[in-house]
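Beneath this line is the structure, given in structure tokens, with notes to follow.
The values are calculated or read from the model by the stated rules, or taken from the named source; none is laboratory data. Since the model is a prediction, treat every value here as computed from it, not as a measurement. Here the Cβ positions follow ideal geometry from the backbone for every residue, glycine too, while neighbour counts run over all protein chains shown. Accessible surface areas use protein heavy atoms only, side chains included; no ligands, DNA or RNA. Shrake-Rupley method; radii C 1.70, N 1.55, O 1.52, S 1.80 Å.
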Amino acid sequence: CAAAAGRTDLSGKSLLTFFFPLNFTADCNAILKALQPIFQEQGMTETVHNWEDHGYLATYITKNGSFANLRIHPHGLVLVDLQSFNDHTKGREEVDQLLNKVEERMKELFHGNIKRVKRLPAILRGGVIDRYWPTADGRLVEYDIDEVVYDEDSPFQNIKILHSKQFGNILILSGDVNLAESDLAYTQAIMGSGKEDYTGKEVLILGGGDGGILYEIVKLKPKMVTMYMRKTCGDVLDNLKGECYQVLIEDCIPVLKRYAKEGRMFDYVINDLTAVPISTSPEEDSTWEFLRLILDLSMKVLKQDGKYFTQGNCINLTDALTLYEEQLSRLYCPVEFSKETVCVPSYMELWVFYTIWKKQTDI
């Protein structure tokens, strides 16, 4: 049972949902007659649809275009959705008053036999700032976005940087939350969660999404990253070459092939190119083929006692994670792996990270 509290945006409409699960089969006609006066008092025009054995749908429309849908299901569920454009406090108060009356009338009608009554926040649509982004497992999350910092289409994807009150600047690539300034936990996890000593080691980082160190972004808009994601990338992109590091703005596959041919080996390979694909059809999804190619090439440049770190995906995507683990048995050399689950703040979900190493063989 849900009805929104009436939060609004000056440039968009609010969708309020109110539902009442009942403890018994509903008398649809009686509920409709009980609630009709509430909407009629607001000067709303009524249209009623009746389906045999499937209840009623009543639509109420105001002169300014706001409307309410009343859906009554005979199995005992009553839904009220209200969509309105409220750009002032008075309008929001009117919405709350209408919803309060609906709730009171329902309680009177059923004498406390309503199983549950709840109001959910309004969904704000059409605003300048988009606050809604899906999690990896398909849930819709509302972020506390208060500013669009950057928004531009590259030749490959849309690049957004939005500011969140909780998470700081968030990098979003084609609708996918990539990383926020708050997400140190992600960086730590993909580097081994503080268990590794990198002193004097050779490390190869593929992708490096931390701070937006992505091929196209760095190549096309290097200033954008250093300006807006400074808390995640630090000063690394100020100069692409330092005393102990070099950033290559290249496709990683030819680089890996070149290193393998040269016999160059690394103590650590950190793969931050892409998450485990959600698709569970590896033969039909080129992303899985790409992933296996990267794994094979990485193993060829990884020392026998080296470690390979990578992200997986949301812990709820069990089928995709299982399929990823199956791919590890198909590499050119036998490997073993371990995994850990980390809460990444801006993802608002638990994320799985893998450590992979070459299986030691008896000599």
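Looking across 35, 82, 109, 57, one residue alone is in a helix (DSSP H, G or I) and touching a strand residue (DSSP E or B) at 6+ places or on another chain (Cβ under 7 Å). It is 35.
Would you pick out the residues in the stretch 146-189 that are of a type in the set (A, V, I, L, M), open to solvent by less than 10 Å² (accessible area, probe 1.4 Å) and modelled with pLDDT under 95?
Taking the stretch 146-189 as the starting set, the residues that turn out to be of a type in the set (A, V, I, L, M) are 148-149, 159, 161-162, 170-173, 177, 179-180, 184-185, 189.
Checking which are open to solvent by less than 10 Å² (accessible area, probe 1.4 Å) leaves us with 159, 161-162, 170-172, 179-180, 189.
Passing the criteria: 159, 161, 162, 170, 171, 172, 179, 180.
Among the residues of the stretch 323-340, the one identified as open to solvent by 70 Å² or more (accessible area, probe 1.4 Å) and either touching a His at 6+ places or on another chain (Cβ under 8 Å) or of a type in the set (S, T, N, Q) (or both) is 329. Against the conditions (1) more than 23 Å from residue 347 (Cβ to Cβ); (2) open to solvent by less than 30 Å² (accessible area, probe 1.4 Å); (3) at pLDDT below 75; (4) part of a helix (DSSP H, G or I), residue 282 satisfies every one except (4). Looking at residue 315, is it out of contact with any Lys or Arg (no Cβ under 6 Å at 6 or more places or on another chain) and not basic (Lys, Arg)? Against the criterion (out of contact with any Lys or Arg (no Cβ under 6 Å at 6 or more places or on another chain) and not basic (Lys, Arg)), residue 315 qualifies.
Determine, yes or no, whether residue 292 is part of a helix (DSSP H, G or I) and either open to solvent by 30 Å² or more (accessible area, probe 1.4 Å) or among the basic types (Lys, Arg) (or both).
It is true that residue 292 is part of a helix (DSSP H, G or I) and either open to solvent by 30 Å² or more (accessible area, probe 1.4 Å) or among the basic types (Lys, Arg) (or both).
Sub-8 Å Cβ pairs linking a first residue in the stretch 165-184 that is closer than 14 Å to residue 151 by Cα and hydroxyl-bearing (Ser, Thr, Tyr) to a second residue that is open to solvent by 40 Å² or more (accessible area, probe 1.4 Å) and in a loop (DSSP other than H, G, I, E, B), at least 6 apart or interchain, are 174/157, ordered by first then second residue. Can you tell me which residue within the stretch 244-271, out of those that are among the β-branched types (Val, Ile, Thr) and not in a helix (DSSP H, G or I), is surrounded by the fewest Cβ atoms within 10 Å (Cβ to Cβ)? Top of the filtered list is 249.
Confirm whether residue 129 is in contact (Cβ under 8 Å) with a residue 24 or more places away in the chain and either of a type in the set (Gly, Ala, Ser) or crowded, with 18+ Cβ neighbours inside 10 Å (or both).
no
Comparison of 322, 355 shows that the only residue that is out of contact with any helix residue (DSSP H, G or I) (no Cβ under 8 Å at 6 or more places or on another chain) and part of a helix (DSSP H, G or I) is 322. Considered as a group, the residues in the stretch 133-145 that are open to solvent by 40 Å² or more (accessible area, probe 1.4 Å) and assigned to a strand (DSSP E or B) include one that is farthest from residue 314 (Cα to Cα), and that residue is 142. The residue list 235, 210 contains one member that is under 25 Å from residue 174 (Cα atoms) and either open to solvent by 60 Å² or more (accessible area, probe 1.4 Å) or modelled with pLDDT under 85 (or both), which is 210.
Give the residues of the stretch 228-260 that are closer than 21 Å to residue 186 by Cβ and of a type outside the set (Phe, Trp, Tyr), sorted by residue number.
Of the residues in the stretch 228-260, the ones closer than 21 Å to residue 186 by Cβ are 228-237, 245, 247, 252.
Answer for the stretch 228-260, where residues must be closer than 21 Å to residue 186 by Cβ and of a type outside the set (Phe, Trp, Tyr): 229, 230, 231, 232, 233, 234, 235, 236, 237, 247, 252.
For the stretch 95-118, the candidate set comprises residues that are open to solvent by 70 Å² or more (accessible area, probe 1.4 Å) and within 18 Å of residue 84 (Cα to Cα); within that set, the residue that is modelled with the highest pLDDT is 101.
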